[in-house]
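The values are calculated or read from the model by the stated rules, or taken from the named source; none is laboratory data. Nothing here was measured: the structure is a model prediction, and the numbers come from that model. Heads up, the Cβs are rebuilt from the backbone with ideal geometry, glycines too, and the neighbour counts pull from every protein chain shown.
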2 protein chains.
Amino acid sequence: MPIMTESKMSAADEIAKQLTEAIHEHRLQPGAKLREDEICDIFGVSRTLVRQALRSLEFEGLLTIQKNRGAFVAKPSLTEAREVFQARSLIEPSIARMAAERSKPEDIQELEKHIKREHAALDQGEAGLALKLSGDFHLKIAEIADQETLEQFLRQLISRSSLVIALYWRRRNALCESNAHHDLITAIGERDADSAEEFMKSHLLDIYSQLDLQERDGGFTSLRDALRQ
Amino acid sequence: MPIMTESKMSAADEIAKQLTEAIHEHRLQPGAKLREDEICDIFGVSRTLVRQALRSLEFEGLLTIQKNRGAFVAKPSLTEAREVFQARSLIEPSIARMAAERSKPEDIQELEKHIKREHAALDQGEAGLALKLSGDFHLKIAEIADQETLEQFLRQLISRSSLVIALYWRRRNALCESNAHHDLITAIGERDADSAEEFMKSHLLDIYSQLDLQERDGGFTSLRDALRQ
DNA sequence: TAATCAATGATTGTATACGATCTGACGCGC
DNA sequence: GCGCGTCAGATCGTATACAATCATTGATTA
């Protein structure tokens, strides 16, 4: 999504937002096809706007658009999955550090309110929602760090992480049962930059280690995919 | 630009590419207005494609699109300028390290060929071209590091750097006369990861220090801009 | 004279229409 | 029965048309 400092979101951005949420919450699985006409009917707009929305999701890495074939929810490769988490491991600890240095009391309250919603979603078995909220938590930390540029990049990385988790998560239940987020809040609240950085680093490693990123034999779903390029 | 693994660039992407180049080479200054009809005439296509291209440049942070007013080459604020270089300082040293660890002899030849073109452009007084090539040099290192995700992000950062330099560079001549790029090639060629990381870090600091990022009194070009928001 | 308002032209936002390409099924020949 | 070519329907890419919004000019009035 572009940096929407002004000009209320246009209709296209609203569509993009809703599609993004659906993907984040795993209501749309990787590989799912998104037909333009169908989306037009759902939102009651013309293809012009739908196509804008789809293109913007392509930029965010959520969709793959194939010429004359249509838009599909992206299926990150093993390599891309690793890259996403390598990139997060590179920038998020620094973000956590900056957040700790700049946090205000009301920020901490926000974070705690957020973590409660996460737990509520988990308790009610809404795994998709919980996953999305978990991603939002990381973004909130970036907001506190007050680094819009990095925040925007992190948004993309978290989007893709959602796809990676949909594809490569070992145990679909047992999601984020750890109290990593709670530890992070504490460190940030106490303005303990070193701990915040360290907690974030280990939190990401923890998630990464729960992914099944082993090379698989011919994991191609179709000959077509196998021969692309 | 989306990751164009397949499907030859569409016409819209071609337009986006050319506009991007023009901005990178400072043929289009920050704040310049890009009227849709004008671009249509130049490229001989309909507004549909032009609008796609403009939107994609907006995502890359090169343009600002204001509802019902049009597209303008972005003018990064002081804050954004600082953020861009903070972000680069965060990721590029690591990228240089990875490039050093993975470089092959032919990569080094590529880099050296590239640096020659940079010097040639400088010698011929083509400052804009030299600047673009200088950005491409950093991207080539990311290619060698073989990290597509970070490379894509870096592409955006370098795009914005180009705008930052257009706005805040102290001395418009005397660009990159240092031999920082040469030092980087040497370190990467010798697979000396520590040095590569260190050279990149100081190279970025060097550029940053040549920017004039002091707070200025109302540098608004128009009353409208001053009152926005 | 300076300020305000109205109307007009310029420019963008959205929808629709048409042509191109792909997918899948059917039928023909081997 | 199997493979291949061909045709129809579906889907997408691009151009055009119309509606909405904005900016600027010129007239009107205090």
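The single condition among (1) more than 10 Å from chain A (Cβ to nearest Cβ); (2) over 19 Å from B:Gln156 (Cα atoms); (3) modelled with pLDDT under 95 that B:Glu14 does not meet is (2).
The set of residues in region A:45-67 being more than 13 Å from A:Leu34 (Cα to Cα) and within 9 Å of DNA strand C (Cβ to nearest atom) consists of A:Val45, A:Ser46, A:Thr48, A:Leu49, A:Gln52, A:Lys67.
For B:Val84, the stated conditions do not hold, so it cannot be described as modelled with pLDDT of 95 or more, buried (at least 18 other Cβ atoms within 10 Å of the Cβ), under 17 Å from the mean Cα position of the chain (by Cα) and more than 10 Å from chain A (Cβ to nearest Cβ). Give region B:37-52 a look and list any residue that's surrounded by 12 or more Cβ atoms within 10 Å (Cβ to Cβ) and within 10 Å of DNA strand D (Cβ to nearest atom), or say none. Once the filter is applied, which keeps residues that are surrounded by 12 or more Cβ atoms within 10 Å (Cβ to Cβ) and within 10 Å of DNA strand D (Cβ to nearest atom), region B:37-52 yields B:Cys40, B:Phe43, B:Val45, B:Arg47, B:Thr48, B:Leu49, B:Val50, B:Arg51, B:Gln52.
Across region A:15-29, which residue is nearest to DNA strand C (Cβ to nearest atom) among those that are in contact (Cβ under 8 Å) with a residue 60 or more places away in the chain and surrounded by fewer than 16 Cβ atoms within 10 Å (Cβ to Cβ)?
Of region A:15-29, the ones in contact (Cβ under 8 Å) with a residue 60 or more places away in the chain are A:20-21, A:23-27, A:29.
Cutting the leftovers down to surrounded by fewer than 16 Cβ atoms within 10 Å (Cβ to Cβ) gives us A:21, A:27, A:29.
Numbers: A:Glu21: 20, A:Arg27: 23, A:Gln29: 18 Å.
Ranking the qualifying residues of region A:15-29, first place goes to A:Gln29.
Per the listing A:Glu38, A:Glu106, A:Glu60, A:Glu14, the residue uniquely of a type in the set (Asp, Glu) and either in contact with a helix residue (DSSP H, G or I) (Cβ under 7 Å, 6 or more places away or on another chain) or on the phi > 0 side of the Ramachandran plot (or both) is A:Glu60.
Among the residues of region B:30-77, those that are within 13 Å of another protein chain (Cβ to nearest Cβ) and either hydroxyl-bearing (Ser, Thr, Tyr) or in contact (Cβ under 8 Å) with a residue 60 or more places away in the chain (or both) comprise B:Ser46, B:Thr48, B:Ser56, B:Glu60, B:Gly61, B:Leu62, B:Thr64, B:Ala74, B:Lys75, B:Pro76, B:Ser77.
Contact annotation: residue pairs with Cβ atoms under 7 Å, 6 or more positions apart or on different chains, pairing a residue in region B:176-196 that is at pLDDT 95 or above with a partner that is of a type in the set (Asp, Glu), are B:Ile185/B:Glu112; B:Arg191/B:Glu101; B:Ala193/B:Glu101.
Taken over region A:93-151, residues that are touching a residue at least 24 places away in the same chain (Cβ under 8 Å) and closer than 21 Å to A:Ala166 by Cα amount to 12.
Scanning region A:94-115 for any residue that is of a type outside the set (Gly, Ala, Ser), facing chain B (nearest Cβ under 10 Å), surrounded by 16 or more Cβ atoms within 10 Å (Cβ to Cβ) and more than 15 Å from DNA strand D (Cβ to nearest atom) turns up at least one such residue. Residue-level check: of (1) closer than 20 Å to B:Gln152 by Cβ; (2) among the hydrophobic types (A, V, I, L, M, F, W, C); (3) in contact with a Ser or Thr (Cβ under 9 Å, 6 or more places away or on another chain), B:Phe72 misses just (1).
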